[in-house]
Each structure stands twice: as structure tokens, then as C-alpha cells.
Amino acid sequence: MQVKIIGVPVDLGANRRGVDMGPSAIRYALLREKLVEIGHDVEDLGNIPAPERDSLTRRGGSLAYLPEILEVNELLAAKVGEALDAGGFPLILGGDHSISIGGIAGLANRVPSFGLLWFDAHGDFNTPETTTSGNVHGMPLAVAVGRGPGELVQCGGSGPKIAEEKVVIIGVRDLDPQERDLLRSSRVTVFTMQDVDERGMQAVVKEAVAIAGAGAEGLYVSFDVDVIDPLQAPGVGTAVPGGITYREAHLAMELVAQSGRFLALDMVEVNPILDCRNQTAELAVELIASALGKRIF
């Protein structure tokens with residue numbers, strides 16, 4: 001596989017500082033070297049230019065830094081498209097979860113039908129009408145299916161980027177009340193932590209791949225590290241107790257790899273400021289390696 005690494009050092013979508021350093025922390029944890037070890041050709045395309053919050057005045061009305069977030073995601077969508085045109089596998093490093101808007105848009109411009117697996121403690125399905133914070137990192141999934149602010153929905157091209165029935169959330173355990181109502185009324189499939197506990201990660205991921213991949217050319221995977229229990233992944237901005245375990249996370253990525261239908265991956269919300277000796281970034285690298293084919297035996 002020709003892996004094209006794209007960093008997006010932006011924290012404008014979040015209310016906690018530090019995730020803009022996530023791409024550097026993941027690279028520092030020997031990402032390139034680990035992927036080369038398992039046989040991939042790796043090209044690091046560098047970082048998407050992203051403004052620093054300290055240099056900005058908050059704009060966007062009720063949504064914080066909306067113009068800047070849109071600009072970054074437009075650039076990312078174009079870069080993902082270029083990577084795909086070159087025969088590469090886009091590996092996107094965040095940055096806060098708002099960057100998935102551009103990652104998904106870039107894939108949608110090249111692949112007419114794909115499924116989306118969304119690993120996250122949160123639903124990220126808020127809209128301008130339901131958000132209590134105005135933070136765009138709580139909206140990217142809603143944007144992808146066409147429910148967000150118009151300018152973000154149009155990012156990288158017109159209209160929604162994926163049908164709701166092709167979207168599966170895994171590991172969610174913290175939803176805003178109105179966000180919960182939106183998800184219940186949608187066609188998105190939601191596997192909560194209760195589902196993972198009761199059914200096991202293997203059954204959940206296999207069903208998720210079957211749902212998202214039905215009639216699709218492949219899968220986009222968005223992995224927010226806060227889906228993992230904060231005891232094992234402390235370096236995140238919005239930690240929620242009771243997440244998936246180290247082995248459950250690896251198993252999920254191994255099963256995605258075994259599906260043979262992997263098109264792109266983003267790994268987001270690593271926050272080195274809140275981490276312990278780069279523990280969370282190192283885990284992110286391990287999970288990326290599992291997703292891209294590393295096996296125990």
C-alpha cells in the first residue's frame with residue numbers, strides 16, 4: 001500500500017487547546033517507521049496550513065471559527081483527492097474531529113459510494129440548532145450526511161457526502177439530549193458502549209462493516225481516540241470514562257483491515273498537553289498499524 005500521511009494541526013473546532021500538536025506527537029511516536037516495518041511505502045505530505053487560534057478573533061456567529069475551519073477543510077479535501085489520484089491511501093492525522101469534514105469530502109469526490117465507520121465516545125451529530133457549545137468538532141458527522149451548516153455541507157463539493165444508512169457509530173457513550181433525538185430520527189446505525197459490552201467488539205464491528213459496506217466500494221474510518229477508556233488513552237480533550245479497552249481497539253482495527261475494503265483513515269483528537277509521556281500518540285500509532293495490516297502472528 002502507498003500510504004500518504006496528511007497532518008491537520010488545527011484545534012479551532014474544540015474548546016480544549018492542544019490537539020493542534022496531535023500530528024507532531026503521532027509522527028514522533030515513529031508512525032512512518034512502524035508502517036514501513038509492515039511493508040508499506042510511506043510518503044509524508046506534511047501539514048495542511050492551519051491558522052493558530054492565538055492569532056485569530058473568533059468569527060462564525062454561534063459557531064466558533066467557522067470561516068477558518070471551512071478553509072482548512074477545503075484544503076484537506078483537495079489534498080485527499082490528490083492522494084487518491086496518485087493511487088495512495090490517505091492517512092489523516094488530527095487535530096480536532098472537525099477535520100473529518102474535509103477528509104470525507106475528499107473521498108466523496110473520488111468514490112461515489114462508500115461506507116463510514118465512526119469510532120467515538122460522542123455522536124458528533126449536533127447542528128447549529130442543537131449545539132450547546134458552538135464547537136464544530138461536535139458536528140462533523142451531521143455535516144457529512146447534510147444536516148450541518150450550509151457552508152460546511154458544501155465543503156469540497158455540493159450536498160451531503162454520504163447517505164445516513166451507510167454510517168455506523170461505534171463506542172458512543174456521551175450524547176447531548178437533542179443530539180440523541182436527531183440520531184434516533186436518522187438512519188444512522190448506533191452501537192453504544194452497552195452494545196459493545198453485551199455483544200462483544202467482534203460482533204459489533206462485523207455487523208458495522210456489513211451495514212456500512214453494503215453496496216459500497218469501500219470504507220472510510222474515522223477514529224477519535226476518546227472512544228478508548230481514558231485510563232489507557234489519557235491524552236484527549238473530551239475524556240469520558242468507560243470506553244473501549246486497548247485490545248478492543250486493536251481488534252476493531254484488525255477486523256476493519258481484514259475486510260479488505262479500507263479506503264481512508266483519520267485519527268483525531270490526540271492532545272499531547274493532556275497526555276502522559278506520549279502514551280496516547282503511541283497507542284494511535286499502534287492502532288494505525290493494526291488498521292493497515294499488522295498482525296500478532
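The values are calculated or read from the model by the stated rules, or taken from the named source; none is laboratory data. Since we're looking at a predicted model, the values are computed, not measured. Neighbour counts run over all protein chains shown; Cβ positions are idealised from the backbone, glycine included.
Please specify each residue of the range 1-16 satisfying the condition of being loosely packed, with under 15 Cβ neighbours inside 10 Å, at pLDDT below 95 and under 21 Å from residue 79 (Cβ atoms). Across the range 1-16, there are no qualifying residues. Within the range 153-174, the set of residues being buried (at least 24 other Cβ atoms within 10 Å of the Cβ) and without any contact (Cβ under 8 Å) to a residue 24 or more places away in the chain is empty. In the range 248-277, the residue that is surrounded by the fewest Cβ atoms within 10 Å (Cβ to Cβ) out of those that are more than 16 Å from residue 220 (Cβ to Cβ) and among the β-branched types (Val, Ile, Thr) is 273.
With respect to the stated conditions, residue 229 fails to be crowded, with 20+ Cβ neighbours inside 10 Å and touching a His at 6+ places or on another chain (Cβ under 6 Å). Exactly one condition in (1) touching a strand residue (DSSP E or B) at 6+ places or on another chain (Cβ under 9 Å); (2) surrounded by fewer than 17 Cβ atoms within 10 Å (Cβ to Cβ); (3) within 22 Å of residue 102 (Cα to Cα) is not met by residue 145; state its number. Among (1) touching a strand residue (DSSP E or B) at 6+ places or on another chain (Cβ under 9 Å); (2) surrounded by fewer than 17 Cβ atoms within 10 Å (Cβ to Cβ); (3) within 22 Å of residue 102 (Cα to Cα), residue 145 violates only (2). With respect to residue 242, is the statement that it is surrounded by fewer than 18 Cβ atoms within 10 Å (Cβ to Cβ), of a type outside the set (Lys, Arg), touching a residue at least 60 places away in the same chain (Cβ under 8 Å) and within 20 Å of residue 200 (Cβ to Cβ) true? When the stated conditions are applied, residue 242 passes them.
Of all residues in the range 31-84, those satisfying the criterion of being modelled with pLDDT of 95 or more and polar (S, T, N, Q) are 47, 73. Pairs please, first residue from the range 282-297 and surrounded by fewer than 19 Cβ atoms within 10 Å (Cβ to Cβ), second anywhere and in a helix (DSSP H, G or I), Cβ atoms under 6 Å, 6+ apart in sequence or on different chains. Hits for this filter: 293/257. The condition of being touching a residue at least 40 places away in the same chain (Cβ under 8 Å) and closer than 23 Å to residue 21 by Cβ holds for only one of 265, 219, 231, that being 265.
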